[in-house]
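Reading through the structure tokens given below for one structure.
Read-outs throughout are calculated quantities, based only on the coordinates presented, and are distinct from any laboratory measurement. Note that the structure is a prediction, hence the values are computed from the model and not measured. So basically every Cβ, Gly included, is an ideal-geometry build from the backbone, and we count neighbours across all protein chains shown.
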Amino acid sequence: MVKVAPSILSADFAKLGDEIKDVEAGGADYIHVDVMDGHFVPNITIGPLIVNAVRPVTDLPLDVHLMIENPDQYIPLFAKAGADIISVHVETCPHLHRTVHLIKDAGVKAGVVLNPATPVESVRHIIQDVDLVLLMTVNPGFGGQTFIHEVLPKIRKVKEMVAKLDKDIEIEVDGGVNAETAELCIEAGADVLVAGSAVYGKTDRQKAIESIRSSR
Ligand code: DX5
Ligand code: ZN
């Protein structure tokens, strides 16, 4: 069964703890935390302080998506704050192997993220070392953007790469996921679906999560 990871980017930050508990009660599998620095992406969001503050609020894994330059500088801080998974963009990591192992050495699961225009070839020589590959289906920076369909063949390609390895590597998809596009992602081989506006934009979060998960 596909996992659903609501992105708190679309939550009401004035009551973030309750917003997280609401999706946990609604059947979420991970809490997706979007970290943006105003450099790699044109938006600024949250840092390790907030991760630390929400850590005691939920038993779910905190799936931290770093959209920041120089992630190596901040990985230890996010690990200490309570991240369970830390994912870095290949576009920000000239020494990707070092960065992935920095995450793992901190005792955290490691993910690599590809922007829509970044070829899957860029993770061929690191995929055996990671726990998760995250394929962006929007250009990162904001919630509520339109799903880029051209990424679907990349999901299939990564699925093939993972199938050749005897490892438990999850394929996650992020951006513009709703009940309709979720079906396409699941068909292509996604294991985890991030959804921001499609969950937090609805009043009944349980229903929203179920409609994404059971979209086929
Ligand atoms: C985009 C973020 C996403 C975003 C998804 O930069 O990485 O996680 O919150 O939001 P929706 O689901 O609304 O596209
Ligand atoms: Zn994200």
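Okay, here's what the table says:
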{"read-out": "Contact order relative to length of the chain, as percent, for alpha carbon pairs under 8 angstrom and 6 or more apart", "value": "22 percent"}
{"read-out": "Efficiency of FRET from Cβ geometry, HIS97 and LEU77, R₀ 25 Å, rounded to 0.05", "value": "0.75"}
{"read-out": "Cα pair distances of the stretch 71-163 binned at 5 Å [whole percent]", "value": "2, 14, 25, 22, 19, 13, 5, 0"}
{"read-out": "Simple Cβ-charge dipole of the chain, Lys/Arg +1 and Asp/Glu -1, about Cα centre, in debye nearest 20", "value": "160 debye"}
{"read-out": "Cα-based Rg and Dmax for the stretch 55-98, where Dmax is the largest Cα-Cα distance (Å)", "value": "11.3, 35"}
{"read-out": "20 °C / 1.002 mPa s Stokes-Einstein diffusion coefficient of the chain, Kirkwood radius on C-alpha pairs, µm²/s", "value": "127 µm²/s"}
{"read-out": "Whether the stretch 30-125 is rounded, prolate or oblate, judged on the alpha carbon gyration tensor where a/c under 1.5 counts as rounded", "value": "prolate"}
{"read-out": "Computed Kirkwood radius, in angstrom, where 1/r is averaged over Cα pairs of the stretch 81-124", "value": "10.9 Å"}
{"read-out": "Restricting the stretch 123-176 to trypsin sites (Lys or Arg not before Pro) in coil, as DSSP defines it, with at most 14 other Cβ within 10 Å", "value": "ARG124, LYS164, LYS167"}
{"read-out": "Inter-part distance where the stretch 106-158 and the stretch 34-105 are each reduced to a Cα centre, Å", "value": "15 Å"}
{"read-out": "Spin-label zone in the stretch 69-97 - amide nitrogen under 20 Å from a point set 7 Å from the Cα of ASN139 along the C-beta vector", "value": "69-70, 89-93"}
{"read-out": "Cα gyration tensor category, rounded, prolate or oblate, for the stretch 105-155 with a/c compared to 1.5", "value": "oblate"}
{"read-out": "Segment VAL57-ALA25, extension gain: residue separation times 0.36 nm, minus the distance between their alpha carbons", "value": "10.3 nm"}
{"read-out": "Which of HIS89, HIS101 has the fewest Cβ neighbours within 10 Å, and the rest in rising order", "value": "HIS101, HIS89"}
{"read-out": "ASP168-ARG124 pseudo-label distance in nm [points 7 Å out on the Cα-to-Cβ vector]", "value": "2.9 nm"}
{"read-out": "Least to most buried among LEU60, LEU9 (fewest other Cβ within 10 Å first)", "value": "LEU60, LEU9"}
{"read-out": "Radius of gyration and Dmax over the Cα atoms of the stretch 101-216, both given in Å", "value": "14.4, 43"}
{"read-out": "Net length gained if the chain between ARG156 and LEU49 were fully extended (0.36 nm per residue, minus Cα distance)", "value": "34.9 nm"}
